[in-house]
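Just below is one structure, and these are the notes that go with it.
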Amino acid sequence: MYRFVLLLGILGLAVWQDLQAYKIDNRLIVFGFIAGAGIRIYAGTFSLFGSLLELTVPIILLFILYLVRVLGAGDIKLFSVISIILGHSLTLQILWGSFLVAAVVAIFYLIKGSVCREPFRVHRIRFTIPILLSYLGVFVYRSVTGGAW
């Protein structure tokens, strides 16, 4: 449960920072990395190679989306924080859920634009919000189904 509260706080601060400046402060990311390593040390599951793997896999998987400007660097680093705290399995669930939430938001913008007969505009989606909503959705789903958290 402490992992849930810690990550909820980190994601909440990331959303707040994103809403303020379209940016996630690197100090929050470093805090998340240190907290994730601390959780692994406390649980007795820390290994340097495993932790580095948890940090780099989201970066490798999402780098192409960064190049085409779908995701920002802060969003990708945030997924690395989620990965070191929760592991790959839950991170992938949160990743897919956040893309689903972002797709719903994008469809909403498309429908709103066509109904209001607005000319096409590019809308920037603050991706930390879909990440937070997906995280809460995965938590609720796993709590209801009795999955390990």
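The values are calculated or read from the model by the stated rules, or taken from the named source; none is laboratory data. Remember, predicted model here, so these are calculated numbers, not experimental data. No Cβ is skipped: glycine too gets one built from the backbone with ideal geometry, and neighbour counts run over all protein chains shown. Surface accessibility is based on the protein's heavy atoms, side chains included, excluding ligands, DNA and RNA. Shrake-Rupley method; radii C 1.70, N 1.55, O 1.52, S 1.80 Å.
For the chain, with a Gaussian network of springs between Cα atoms less than 10 Å apart, report the residue from VAL101, VAL68, VAL57 with the top mean-square fluctuation.
Its mean-square fluctuation being the largest, the pick is VAL68.
Binning at 5 Å from 0, report for the chain what percent of all alpha-carbon pair distances ends up in each bin.
The percentages, shortest bin first, are 2, 9, 18, 22, 20, 13, 8, 4, 2, 1, 1, 0.
How far is helix 88-115 tilted, in degrees, relative to the longest principal axis of the Cα atoms in the chain, given as a value from 0 to 90 rounded to the nearest 10?
That works out to roughly 10 degrees.
Which one of VAL105, VAL81, VAL15 has the biggest mean-square fluctuation once the chain is modelled by GNM with Cα springs under 10 Å?
VAL105
Any idea what the dipole of the chain comes to, in debye rounded to 20, about its Cα centre with Lys/Arg Cβ at +1 and Asp/Glu Cβ at -1?
The calculated dipole for the chain is roughly 260 debye.
Between 0 and 90 degrees, rounded to the nearest ten: what's the tilt of helix 128-145 against the longest Cα principal axis of the chain?
60
Stokes-Einstein at 4 °C, 1.567 mPa s, Kirkwood radius from Cα pairs: D for the range 55-97 in µm² s⁻¹? If you can, show how the numbers build up before the last one.
Numbers: Rh = 10.1 Å.
Estimated diffusion coefficient is 128 µm²/s.
Could you report the range 1-137's accessible area per residue, 1.4 Å probe, as an integer in Å²?
Solvent-accessible surface per residue comes out at 60 Å².
If you rank PHE4, PHE33 by how much accessible surface each has, with a 1.4 Å probe, what is the order from largest down? Numbers along the way, then the final one.
Numbers: PHE4 25, PHE33 60 Å².
Most to least solvent-accessible, the answer reads PHE33, PHE4.
So, with a 1.4 angstrom probe, what is the percent of accessible area on the range 1-82 that is carbon and sulfur? Walk me through the numbers before you get to the answer.
Details: 3530 of 4900 Å².
About 72 percent, which is the carbon plus sulfur part of the accessible surface.
Between the helical axis of 48-67 and the dominant principal axis of the chain, each derived from Cα atoms, what acute angle in degrees is found, rounded to the nearest 10?
10
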